[in-house]
Amino acid sequence: MSTPEMTSGAYIQHHMEHLTVGSGFWTLHLDTLSVSIFIAVLLAGFLRYIAVHMHAGVPGRLQNMVEVVINFVQDTVNETYHGKSTLIAPLAMVVFLWIFCMGLMDLLPVDFLPNVLQLFGVGHFRSVPTADPNATFAMSISIFILVVFYNITIKGWSLGVEMLTKPFGPYLFFLNLPFRLLEEFVKPFTLALRLFGNMFAGELIFILIAMMPWWVQVLPGSIWAIFHILVITIQAFVFMMLTVVYLSMAHETH
Amino acid sequence: MEINLTLVGQLLTFAVLVWFTLRYVWPPITHYLAEREKTIAAGLEAAAAAQRELAAAEQQVVSLLGEAKQSANHIVEEANKRSTRIVEEARLAAREEGQRIVAAAREDFGREVGETREALRSQLGQLAVAGASKILRRNLDVNAQKELLAEFVAEI
């Protein structure tokens, strides 16, 4: 616990506050932005470093690691997606790695970043960007835009026909349209909320564990941390998989 | 849970990250992956080809060995045949030569016997005349007694 005189409610509240500028809609969560951009830059730099030093000979350890991820992503994409777009696979990889790395931030002790930054006069800091719906919705909305884009550019007029005739047949077109619209618009919400919910709950449990006396924390803390590694991997994979599935559905008629 | 401008910032970050990966990370890595895949495939193909060649070579070795054995057998057989023939020929030639030598010797011997007989005959005639002269105590005219002598010699 950062300050012993805090009540547990206040402590949790303290950890739920973002570092913000602006007000109303024009608020920026500086913690979410800085951590996710920092991770994005690290990730991009690392991947670029590997790409530049890549060779077709026997791979080194780092190169091998990246190759494993790329092969894994490529296999996953090839299984579901049969179109020609070269965007899907890199997009899926970015989704997977970025979400995974942002989730990893949860493994830092919950008070570590806030307390360090407090020394520099920063009042609140939430270190897990994916526990902020802004981050998860940003990804799911990007993917939704791509889905809409591919639906329109690839299917053209047949998209309109599809929206009216599927899934209940042409005579129930007045049911088909709202059904399909709902189906499409639900996608970004489920994508974003699933990830957000998992990460938020994970963070909350870390905070609750951090409120225990220090000699009790060790066991539940390590168990939850190990479990959390599994959770972020699964969440990253699910997000990536659904991205690929939604985009390939946009390419193929139902 | 509040949605605000952060969303836009995150959208931009995500877009830039995806663009960067699409442009500067994915192509080189997949290029080299494909290249390595090709190299490995070529290597495996070459190994398979080499194995096939080895099998073919082994087969060829076996057949060549068989042929060589056969021709060696053939050569030995030929040589055997030829040597028998040569021995046979030599034997025949030797026999002929021997017969010829024997015949020539026989001929020489016969001639010499004849000559000796002639010489003995003539000497016998003279001896007979000389003996008769001794007996008759007078010289006999060999020529006068030619007819008688010839008759006598012919009887011997």
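The condition (being open to solvent by less than 90 Å² (accessible area, probe 1.4 Å) and at pLDDT 95 or above) is satisfied by just one residue among B:Thr84, B:Thr6, B:Thr39, B:Thr21: B:Thr84.
The residue that is least open to solvent (accessible area, probe 1.4 Å), among those in segment A:33-57 that are assigned to a helix (DSSP H, G or I), more than 8 Å from every other protein chain (Cβ to nearest Cβ) and out of contact with any helix residue (DSSP H, G or I) (no Cβ under 6 Å at 6 or more places or on another chain), is A:Gly45. Residues that are out of contact with any Phe, Trp or Tyr (no Cβ under 8 Å at 6 or more places or on another chain) and more than 20 Å from A:Glu252 (Cβ to Cβ) within segment A:71-99 comprise A:Asn71, A:Phe72, A:Leu97, listed in sequence order.
Of all residues in segment B:107-121, one or more are in a helix (DSSP H, G or I), open to solvent by less than 90 Å² (accessible area, probe 1.4 Å), closer than 21 Å to B:Glu151 by Cβ and touching a residue at least 12 places away in the same chain (Cβ under 8 Å).
Within segment B:42-61, the presence of at least one residue that is part of a helix (DSSP H, G or I) and within 14 Å of chain A (Cβ to nearest Cβ) is confirmed.
Being among the small types (Gly, Ala, Ser) and in contact with a strand residue (DSSP E or B) (Cβ under 9 Å, 6 or more places away or on another chain) holds for only one residue in B:Gly43, B:Gly9, and it is B:Gly9.
Under the condition of being surrounded by fewer than 16 Cβ atoms within 10 Å (Cβ to Cβ), modelled with pLDDT under 90 and within 10 Å of another protein chain (Cβ to nearest Cβ), the residues counted in segment A:58-86 number 2.
Inside segment A:6-27, residues that are open to solvent by less than 50 Å² (accessible area, probe 1.4 Å), under 24 Å from B:Phe14 (Cα atoms) and free of Cβ contacts under 8 Å to residues at least 60 places away in the same chain make up a count of 1. Listed conditions (1) within 28 Å of B:Pro28 (Cα to Cα); (2) out of contact with any Leu (no Cβ under 6 Å at 6 or more places or on another chain); (3) at the interface with chain B (Cβ under 10 Å from one of its Cβ atoms) are all met by A:His29, apart from (1).
Checked across segment A:144-162, the condition of being in a loop (DSSP other than H, G, I, E, B) and either crowded, with 21+ Cβ neighbours inside 10 Å or within 14 Å of another protein chain (Cβ to nearest Cβ) (or both) holds for no residue. For segment A:126-139, the count of residues that are within 23 Å of A:Ile234 (Cα to Cα), assigned to a loop (DSSP other than H, G, I, E, B), at pLDDT 90 or above and within 8 Å of chain B (Cβ to nearest Cβ) is at least one.
Inspect all residues belonging to segment A:101-121 and state whether any of them is of a type outside the set (D, E, K, R), open to solvent by 40 Å² or more (accessible area, probe 1.4 Å) and within 14 Å of another protein chain (Cβ to nearest Cβ). Scanning segment A:101-121, I find no residue that is of a type outside the set (D, E, K, R), open to solvent by 40 Å² or more (accessible area, probe 1.4 Å) and within 14 Å of another protein chain (Cβ to nearest Cβ), so the answer is no. Being buried (at least 16 other Cβ atoms within 10 Å of the Cβ) and either modelled with pLDDT under 90 or of a type in the set (Phe, Trp, Tyr) (or both) holds for only one residue in A:Ala236, A:Ala250, and it is A:Ala250. Of all residues in segment B:1-29, those that are more than 7 Å from chain A (Cβ to nearest Cβ) and under 24 Å from A:His53 (Cα atoms) total 4.
The values are calculated or read from the model by the stated rules, or taken from the named source; none is laboratory data. Nothing here was measured: the structure is a model prediction, and the numbers come from that model. Here Cβ is always computed from backbone atoms with ideal geometry, including for glycine, and neighbour counts include all displayed protein chains. Side chains are part of the model used for accessible areas, which takes the heavy atoms of the whole protein and leaves out ligands, DNA and RNA. Shrake-Rupley method; radii C 1.70, N 1.55, O 1.52, S 1.80 Å.
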